[in-house]
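Some notes on the structure that comes next.
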């Protein structure tokens, strides 16, 4: 298909599409049959945008202690940085689907990539704690858009018969950020403290901006999606979710009897979310489709995902946490981080290649078995354990984490279809 058709009005453009090239969902771009050079280009841009959206959060998560020292704050205060990111990230996701439906993917991409570049520039000039909190909050909003944009670009790289594989690969790509950051972040910080990282983040944002402007995504259908009640719901959901994120993020660090605000925040979140849910449940065009989310299949899927993510915390807070508590630095764990990165990439690719929409629970069961084996091996760790002794078990956990996430997300997509 000629790319000149991209400039046609939607009513004319859709007539040039074959049935399998039309968008799967409103607000998503069309998926025309691109030539191979364009497929490769879309895949490269998708991976670049995904990395841009996820690497900043991963950097803060992996280096909270070092960042606390650089900002001159306590670990409790530094813990707010990833929490603020998640707060704004989750809240922005409530609006993004309808934003794409009403204004299209191109405007969506341009606004949020420019915003992310400006945020990265701001991080170079505002290096105190309060300014960093604000920057991380705006970064969370931009990251929500970039994650979606990266997946949509990645899907363009695959023909119709393998489009679900592209979706799984796009979802899995974001999980590479944390192990990758653990490998090189120390060198960036040593080079010019946190300014080096902010320069790197700005470079990624500018590269993504140039790539998206140079390689435009196909058009998408646009129609009026927002209604006034959406903003009423958002005004209730956003603070409710933010308070809940604060409780979950800080609750493990500060003791609730010494920080009474945790209890009040939890009460506030319950009240706000309950009112928002009551309003949304009775709407014909809700911002969040609660009736679908309350279905038995989706509830079961959510419980599976939550359970597996809790189990996988062993990798983040168990093995790496144990090594850190014993005085080992990132340089001494480079081999372990490289292995985790390779295993995560292998898990994502394997998940995409073996994707079978009719048997989505099979890879989830395999992942659980691998996690059980890896956790059992790590249960024998002692203060004498060294990173090299964790290579096999952590590789199993990393592979399983990436292998399960694609099929788990696809289960929800299949329910929509």
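Readers should treat all values here as calculations from the given coordinates under stated rules, not as data from a laboratory. Values in this document were obtained by computation on a predicted structure and should not be read as measured data. Cβ atoms come from the backbone with ideal geometry, glycine included; neighbour counts cover every protein chain shown.
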Completion exercise
For the residue 353, residue 66 Cβ pair and Förster radius 51 Å, calculated FRET efficiency rounded to 0.05 is 0.85
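What's the ranking of 32-39, 129-136 by average number of surrounding C-beta atoms within 10 Å, highest first? It would help to have the intermediate numbers written out before the result.
Values: 32-39: 13.8, 129-136: 17.8.
Those peptides, ordered most packed to least, come out 129-136, 32-39.
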Problem - GNM result for the chain, Cα springs below 10 Å: residue of 375, 365, 123 fluctuating most strongly - result: 365
Exercise for the section: Highest first, please rank the peptides 300-306, 115-121, 167-173 by the mean number of other Cβ atoms sitting within 10 Å of their residues. Expected result: 167-173, 115-121, 300-306
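Okay, helix-only estimate at 222 nm for the chain: each DSSP H run of n ≥ 4 adds -39500 (n - 2.57), divide by all residues, round to 500 deg cm²/dmol; what do you get? Walk me through the numbers before you get to the answer.
Working: 17 runs with 301 residues, N = 417.
After summing the helix terms and dividing by residue count, I get -24500 deg cm²/dmol.
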Fill in the blank from the handout: So the angle from the long Cα axis of helix 105-125 to the longest Cα principal axis of the chain, reported in degrees to the nearest 10, equals 30
Handout entry: Relative contact order of segment 48-153, pairs being alpha-carbon contacts under 8 Å that are 6 or more residues apart, as %
Key = 46
Handout entry: Inter-probe distance in nm under a simple model that places probes 7 Å from Cα toward Cβ, at residue 324 and residue 231
Key = 4.1
Practice task
Could you tell me which of rounded, prolate or oblate describes segment 33-94, using a ≥ b ≥ c as the square roots of the eigenvalues of the alpha-carbon gyration tensor, with rounded for a/c under 1.5 and, failing that, prolate when a/b is larger than b/c and oblate otherwise?
Solution key: oblate
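Can you check how the C-alpha radius of gyration of segment 338-386 compares to 2.2 N^0.38 Å, as a plain ratio? Mind dumping the intermediate values first?
Details: Rg = 14.1 Å, N = 49, 2.2 N^0.38 = 9.7 Å.
Scaled against compact globular proteins, the figure is 1.46.
What FRET efficiency would be calculated for the residue pair residue 373, residue 346, taking the C-beta separation as r and a Förster radius of 25 Å, to the nearest 0.05?
0.95
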Problem - Spin-label model distance (nm) - residue 302 vs residue 216, 7 Å beyond Cα toward Cβ - result: 3.9
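Quote the FRET efficiency, to the nearest 0.05, computed for residue 290 versus residue 127 with a Förster distance R0 of 45 Å and r equal to the Cβ-Cβ distance. Please list the in-between numbers first.
Values: r = 42 Å, r/R0 = 0.93.
About 0.60, to the nearest 0.05.
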Handout entry: Likely footprinting exposure, 388, 381, 351, fewest C-beta neighbours within 10 Å first
Key = 388, 381, 351
Completion exercise
Cα extents of segment 228-284 per principal axis, largest first, Å, are 43, 13, 12
Completion exercise
Listing 74, 57 by rising number of other beta-carbon atoms within 10 angstrom, fewest first, gives 74, 57
Fill in the blank from the handout: Within segment 215-242, the residues whose backbone N lies under 14 Å from a label point placed 7 Å from the Cα of residue 10 along the Cα-to-Cβ direction are 218-226
Handout entry: segment 16-91 and segment 319-373: distance between their alpha carbon centers, rounded to Å
Key = 20
Handout entry: C-alpha long axis of helix 177-214 to longest principal axis of the chain, angle in °
Key = 10
Exercise for the section: Would you work out the relative contact order for the chain, in percent, from Cα pairs under 8 angstrom that are 6 or more residues apart? Expected result: 20
Practice task
Rounded to the nearest 10 degrees, what's the angle between the helix 163-173 long axis and the longest principal axis of the chain, both from Cα atoms, 0 to 90?
Solution key: 30
